[in-house]
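So the structure is just underneath, and the comments pick up after that.
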Ligand code: NAD
């Protein structure tokens, strides 16, 4: 095994090239399927934060002035390069996050969707024009860039989550400083290199690696105009409160506990497949994972049988070996997730499948925890109330549709939810009644396509502007209304009254 001293250090990316850190602080980066430290990552200090923001500020002035046509050309080029080379990025993601290669490719494709949306920025930025609103006066509106915007992302989607924001921010004329998760930082550097190849001017896309110190530096920096954050709820709340207190525009997406309501008339095969895919895909490390199945009786027993029979066929192991599910991101996270199985037992739930018994197709030192199914979870248990963020699927049995909806609506989070039923009326009512930001009808992971906007309600999001789609364009631009009159000799004279339209 390589010793810590000889490991490469993932640098920052400032001014269009790698920027080796001088802070002297680093963190370990693991290969979760091997269970070993494979790299270290730089943790920025004040001087590096300032260098990153200063470079972005300088670049934003010219980039924002460039014609839309020229900016679009870079976006198109980036899209082509990403599409052609996404396999390389998927391998990087799998080696640091652990998710299986096909899943890594899936997240890149969803990020690419946002790049494609941003390729239409000339259309999205079109303003409005009203002629002759008053005699001889026309009004038009325009959307202009903010300057430097910070994107702070979580470990679970090292490509897709940053891509919810940076393509739109850049296409709209801003410069982006991305602070990736310190657990899997290499994807961001790969993306920065791709931008350079696509012809993006130096400084328009910056990667600042780091931990809380880097985040705090960005949240309070006078030259950062806006912050897009994605991560756990306590940090999202902190980011929102700190950055807004420093005068910034903020969208802070937090954690989740997503429920899937299953009515007795649901198609059991479709529902069981969906529960498996949404519960255990990416080892449950998805903010849109289903973590609670709310079974409206008498469906629970048959559904559990259908789910357990499918669980038996899942291959858990190294994401490079064609397995269905990989390891968790770190040993500490794996142990925390596994500890909820003990909590379930203490709280009187039935552990039907215990993921600690897993026999992985991978190195013994990897951070393994198999898919876990727990029935009759009391809603007072921490297994029900807390975000676990691992392959643990809880079953809660309810007597009616109404009881299920009431339960879901009472939860602290409001990111995603789904209903499984063949009753169109019930599905329609669910869409209307449920207090959650993203809803699936026979769709377990209802992540909206890039032309719509992504974001939850309640403790799953702080700030009122969601990610991508029209809301993303709005977030990364400021609206200006211009009222103009080209002087007509008949209009003139002094009038100190408030302007009125005539
Ligand atoms: P996290 O909150 O630990 O970290 C997110 C980011 O915040 C990272 O860049 C990290 O460096 C930084 N950070 C961590 N601690 C900090 C602190 N004390 N002060 C300032 N910054 C800090 O989240 P994670 O573990 O990387 O990601 C998993 C979480 O993200 C889950 O809760 C998941 O639900 C959530 N998530 C939400 C969405 C969404 O769209 N709502 C999407 C993906 C992930």
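Computed from the coordinates by the stated procedures, all read-outs in this text should not be read as laboratory data. Since we're looking at a predicted model, the values are computed, not measured. Virtual Cβ from ideal backbone geometry, glycine too; neighbours counted across all protein chains shown.
Summary table
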item	result
Spacing of the two label points (7 Å from each Cα toward its C-beta) at residue 273 and residue 297, in nm	3.0 nm
Quarter of Cα convex hull surface for segment 147-211, i.e. mean projection, nm²	3.9 nm²
Segment 267-388, relative contact order in percent, only Cα pairs under 8 angstrom and at least six apart counted	22 percent
Cα gyration tensor shape for segment 333-417, rounded if a/c is under 1.5, else prolate or oblate	prolate
Segment 1-75, relative contact order [Cα under 8 Å, separation at least 6], %	27 percent
Alpha carbon centroid spacing (whole Å) that separates segment 366-428 from segment 125-160	38 Å
Segment residue 135-residue 220, length gained on full extension (0.36 nm per residue, minus Cα span)	26.0 nm
C-alpha long axis of helix 233-245 to longest principal axis of the chain, angle in °	20 degrees
Antiparallel bridge percentage (DSSP; both residues within segment 253-411; nearest 5)	15 percent
Three principal axis lengths of segment 36-164 [C-alpha, angstrom, descending]	73, 37, 23
For the chain, calculated [θ]222 nm from helices alone, where every DSSP H run of n ≥ 4 adds -39500 (n - 2.57)	-12000 deg cm²/dmol
Calculated FRET efficiency for the pair residue 85/residue 357, C-beta based, R₀ 51 Å, to 0.05	0.85
Considering only segment 351-492, percent of DSSP beta bridges that pair antiparallel, nearest 5	40 percent
Gain upon complete extension [residue 488, residue 76; 0.36 nm per residue less C-alpha separation]	143.9 nm
Convex hull per residue volume in Å³, alpha carbons only, for the chain	168 Å³
Kirkwood Rh, angstrom, segment 259-338 [1 / mean 1/r, Cα pairs]	13.6 Å
Prolate/oblate/rounded call for segment 440-502, Cα gyration tensor, a/c under 1.5 rounded	prolate
On Cα atoms only, tilt of 101-118 relative to the major axis of the chain in degrees	20 degrees
Nearest 10 degrees, 0 to 90: helix 300-311 Cα axis against the chain principal axis	80 degrees
Linear extension gain, residue 213 paired with residue 128, 0.36 nm per residue minus alpha-carbon span	26.4 nm
For segment 278-394, alpha-carbon Rg relative to the globular expectation (2.2 N^0.38 Å, N residues)	1.01
Ranked 119, 323, 287, criterion: other C-beta atoms within 10 Å, fewest first	119, 323, 287
Efficiency of FRET between residue 202 and residue 246 - r from beta-carbon atoms, R0 25 angstrom, step 0.05	0.40
Rounded to 5, the percent of DSSP beta bridges in the chain classed as antiparallel	40 percent
Viscosity 0.890 mPa s, 25 °C: Kirkwood-radius Stokes-Einstein D of segment 366-479 over Cα pairs, µm²/s	152 µm²/s
Computed over segment 83-241: relative contact order in percent, which uses C-alpha pairs under 8 Å that are six or more apart	23 percent
Efficiency of FRET between residue 452 and residue 496 - r from beta-carbon atoms, R0 60 angstrom, step 0.05	0.80
